Amino acid sequence: MPKLPRIRSSNFSSTHNNQNPLFPSNQTFPPTPQEFDYLSYPSTATSLSSTLQHFINSDTPVYGRKIHTYIIKSGFRPNTNISIKLLILYLKCGVLDYASQMFDELPQQTLSAYNYMIGGYIKHGKIQESFGLVRSLFSSGERPDGYTLSMLLKASTCCGSNVLLPRSLGRMVHAQVVKCDIAADDVLYTALVDSYVKNGKVGYARTVFDMLLEKDVICSTSMISGYMNQGFVEEAEEVFSKTVEKDIVVYNAMIEGYSKSIDTAKKALKVQSQLMKTEFFEHVKMGSALVDMYAKCGRSEDARRIFDHMPEKNVFTWTSMIDGYGKNGNPNEALELFCRMQECSVEPNYVTFLGALSACGHAGLVAKGREIFESMERDYSMKPKMEHYACIVDLLGRAGSLELALEIVLKMPEKPNSDVWVALLSSCRLHGDIEMAKIAANEIFKLNANDRPGAYVALSNTFAAAGKWDSVTELREVMKLRGILKDTACSWVGSESG
C-alpha cells in the first residue's frame, strides 16, 4: 500500500463561527459524499474536527478520507486533535497501514492515541502488533490506564493458537494494575476474571471477583463457567445465587455446567424451576441447553418432554435430541426424529449427520446409513468429514461388508486419519479378517505408532482369535521395544446418594 503524503503537525487558529466554513450556507451539514468538494472552501480546526467526527460516527467513514485529501492539497497543518481523528477514521475504515502512519507522524504520541491503535490492531486480529505497541508505550514512559490493560486481556483470550503469549499474562497485567495504582475499573476487573478463568486459575479469578464493587452478570457468568469447568459445582451455585440480575447467558452457563455428569444433572432441577418463572424459559437457546443436558445424562424422556413443549426449535435443538437418543440406546427414535427434522425443513449440520450415522451403526441399518451418508453431499452440498467416514466404515464393517468399507476408505478425497483406520481395524477383529487387519494396523502405525496402543492390542487379539500365536508374540515384542503400554481400563459408577 503506498504511503500517504507526510503532513507536518502544528497548531493553527480555531475560528468559532456559527456556520461551517467548509461548506456554504445552502448545503446541508455534514454534506453527502457527492456534495463534498475539498478544493472549494477554506477551513478551520473546529470545522475540520466536527466534520471528521461526523464521518467517524457514520456508517460510511470511508467518505471522510476526502477530508484528509483536502488537508494535504490545501496545505493546512492539522493539530494533534485532528491527527488523532484521522487515525481513528482510518481505523474505522480498516486501513491499518494509514492509521499506523498517522500514529507515527504524531508530534506527541499520547495515551489516547496508543489506546486507539492498540484497540484497532486487536479488532482486526493483529495481536502481535498490538503487543508491540504496548511495549512501546511502556518504553516511552507513558503510564497505561485501565482501558489499555483490559484490551491486553481481551487480546490474550481472543487470539488464535498461532500467537504465542505468556501463560501468566493475566498475572502480569494484574501486577501492573497494582504497580501503577490504576483505579478500580469494573471493565478491567471483569477482563481479569475472564482471563484467569480461561487459564484455569479460578482461585485468582475469585480474588479479583470479590474485589468488584458491583458484580455484573457478565463477570458472574465467567466465574460460574470457570467453577463448572473444574467441577466446583457448589461454588458455581453460590455465585449464581448471589447474581441479582440474571440473564439467559448465566442460566445457560449453569445448565451447561450441570450437563457434565449424571450426578450434577440431578441438581439442575432447582435452577430449572427458577428458569420456568422467567421469560427465558421459552427461549430456543435455553430449551436447547436443557434438552442437551438431559440427553447427555441419559434422561431421554425428560429431554423429549422439554423438546416437545418448545415453541421454537433450531438445528441445535434437533441435533441434541437426535444425538441423545443415539447415545442412550434409542437408535430408532433418533432416526425417526431425523426424518421429522427434514420434513420440517430444518437443514441438518455436520453434528446432526454424525448423530444419525451413529444411530444407524447402533441399529445395524446399513442401507439407511449409506443413504444418509450419500445425502450429505448430494442434497446439502456438505462434504463428509473424517468422523463421518469413520462412522460409515464402522457401520459397513460391523455388518460384514469389509471390502466395501475398505473401498470407501481408499476412495476418500483426503488421506484417511487414524480414526478411520481404527474403525476398519475393529471390524476386522470382529470378523477375523487377518489380512485386512494388517493393512489397517500398518496404516495406523505409519500415522501415529505411539499414540494408538489400542491398535496394537486390537491386532494382537485378531491374531489370537485366529490362533496365530507366533504373530501375537512377535507383536507384543514390538510393543515392548517401542515402550508402548495399554492404558489401564476403569469404570465409573454413580449412586443415588451421589
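The values are calculated or read from the model by the stated rules, or taken from the named source; none is laboratory data. These numbers come from a predicted model, not from an experiment. Note: ideal-geometry Cβ built from the backbone for every residue, glycine included; neighbour counts use all protein chains shown.
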- request: Using the structure shown, decide if N349 is under 24 Å from K383 (Cβ atoms), surrounded by fewer than 19 Cβ atoms within 10 Å (Cβ to Cβ) and polar (S, T, N, Q).
  value: yes
query: Has region 260-281 got any residue that is at pLDDT below 90, farther than 25 Å from V197 by Cα and among the acidic types (D, E)?
result: yes
task: Kindly indicate whether K215 is surrounded by fewer than 23 Cβ atoms within 10 Å (Cβ to Cβ) and more than 30 Å from A175 (Cβ to Cβ).
output: no
- line: Exactly one of R340, R304, R370, R299 is modelled with pLDDT under 90 and surrounded by fewer than 23 Cβ atoms within 10 Å (Cβ to Cβ), and that residue is R299
field: Every residue from region 55-79 that is of a type outside the set (A, V, I, L, M), buried (at least 16 other Cβ atoms within 10 Å of the Cβ) and under 39 Å from the mean Cα position of the chain (by Cα)
entry: F55, P61, Y63, G64, R65, K66, H68
- line: Filtering helices (runs of 4 or more DSSP H) wholly in region 39-131 for at least 1 residues that are closer than 16 Å to M151 by Cβ gives 80-93, 96-104, 111-123
message: I need a count of the residues in region 129-152 that are modelled with pLDDT of 85 or more and either under 23 Å from the mean Cα position of the chain (by Cα) or under 28 Å from V202 (Cβ atoms) (or both).
response: 12
field: Candidate set: region 231-251, residues that are in contact with a Phe, Trp or Tyr (Cβ under 8 Å, 6 or more places away or on another chain) and within 17 Å of V197 (Cβ to Cβ); chosen: the one surrounded by the most Cβ atoms within 10 Å (Cβ to Cβ)
entry: A236
message: Within region 229-259, take every residue that is more than 18 Å from the chain's Cα centre (by Cα) and aliphatic (A, V, I, L, M) and give me the one that is modelled with the lowest pLDDT.
response: V244
